[in-house]
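Structure, as structure tokens:
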Amino acid sequence: MKYIIEHMEEGFSEWVILEYTQIIKEVGKENLVLTSLPANTTEKDIPERLISLGLQWTTKECVEIDNRLDKSKVCLLDPAAETDLVPEDASKYEYFVFGGILGSHPRIDRTGILRKKYGFAGKRLGSLQMTTDTAIRTTQKIVQDQIKFEDIKFIDYPEIKYNKYESTEMPFRYVLDKEGTPILPEGMLKLIEHDAEQSIDDLLL
Ligand code: SAM
């Protein structure tokens, strides 16, 4: 299975770096390609942390990464698709394309740009919005581990406690680990705490 992220954010925010780092660790650097970076991108523009993990990246669009790319073997993970991804899809598709998009609440349909541009078959991962790393983790469980969507344990809109007194509600669906804790990229809790403090400081200004 190859996982493709069409990078649609401007540059690389810390949030994006943490998500992509986690994805590389989980799917393996040889199975992930970051596509559609701006035409003038050079290695200097890619965060060192991602380069050192062996991130494969290109300014080409996902349809251009392989001359023999058979479009019928590509599946776009699309929150607006009509059918959900199932384990049997592993034999239909080789490439799984995701939007490298930060979540927004309420959801803005930016995945629609990819849907209209490429016309790949689209599959949904349930009705709730997930972060890109959660969407890839869920896809991996379905097509590689052959676990049905309904058998994966999720938590919706968890209250993420980042210290003893403070917490924030995340408007996404997350996969739970064996201990029943939502899986977030390493370092994300600290970043959420930092962002929350920042917004309080901004309010106090
Ligand atoms: N507001 C965004 C949108 O739909 O344009 C949500 C983007 S989501 C944070 C990032 C990517 O994860 C999406 O482009 C899609 O590939 C995947 N994704 C997230 N939730 C999904 C779902 N419920 N079903 C299918 N794909 C999903």
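Observations, loosely collected:
- Projected onto its three principal axes, the C-alpha set of segment 141-205 covers 51, 20, 19 Å, listed from the longest axis down.
- For segment 1-62, the C-alpha radius of gyration sits at 1.00 times the compact-globule guess of 2.2 N^0.38 Å, with N the residue count.
- Normalised per residue, the accessible area of segment 1-146 is 48 Å², obtained with a 1.4 Å probe and no contribution from ligands, DNA or RNA.
- Both radii were evaluated on the Cα set of the chain; the Rg over Rh quotient, with Rh as the Kirkwood radius, amounts to 0.96.
- Histogrammed with a bin width of 5 Å, the alpha carbon distances of segment 82-152 distribute as 3, 14, 28, 27, 18, 8, 1 percent, first bin at zero.
- The calculated FRET efficiency for the pair His194 and Lys153, based on their C-beta separation and a Förster distance of 41 Å, comes to about 0.90.
- For the pair Ser52 and Ala90, the difference between a 0.36 nm per residue extended length and the Cα-Cα distance amounts to 10.7 nm.
- Ordered from highest to lowest accessible area with the whole protein assembly present and a 1.4 Å probe, Glu169, Glu10 read as Glu10, Glu169.
- Helical content of the chain, expressed as a calculated mean residue ellipticity at 222 nm, amounts to -8500 deg cm²/dmol (DSSP H runs of 4 or more residues, -39,500 (n - 2.57) each, divided by residue number, nearest 500).
- Alpha-carbon Debye profile of segment 18-126, log10 I(q)/I(0) at 0.12, 0.17 Å⁻¹: -0.46, -0.95
- Three-way shape call for segment 87-197 based on the alpha-carbon gyration tensor, with the a/c threshold at 1.5: oblate
- Area accessible to solvent at Phe120, 1.4 Å probe radius, in Å²: 20 Å²
- Whole-percent carbon and sulfur share, accessible surface of the chain, 1.4 Å: 50 percent
- Of all aspartates and glutamates in the structure, the ones whose alpha carbon falls short of 17 Å from that of Lys73, not counting any fewer than 8 places away in one chain, are Glu6, Glu61, Glu64, Asp84, Glu88, Asp89, Glu94.
The values are calculated or read from the model by the stated rules, or taken from the named source; none is laboratory data. If you're wondering where the values come from, they're calculated on a predicted model, not measured in any experiment. Note that each Cβ is placed from the backbone with ideal geometry, even for glycine, and that neighbours are counted across all protein chains shown. Accessible surface is based on the protein model in full, side chains and every heavy atom, while ligands, DNA and RNA are left aside. Shrake-Rupley method; radii C 1.70, N 1.55, O 1.52, S 1.80 Å.
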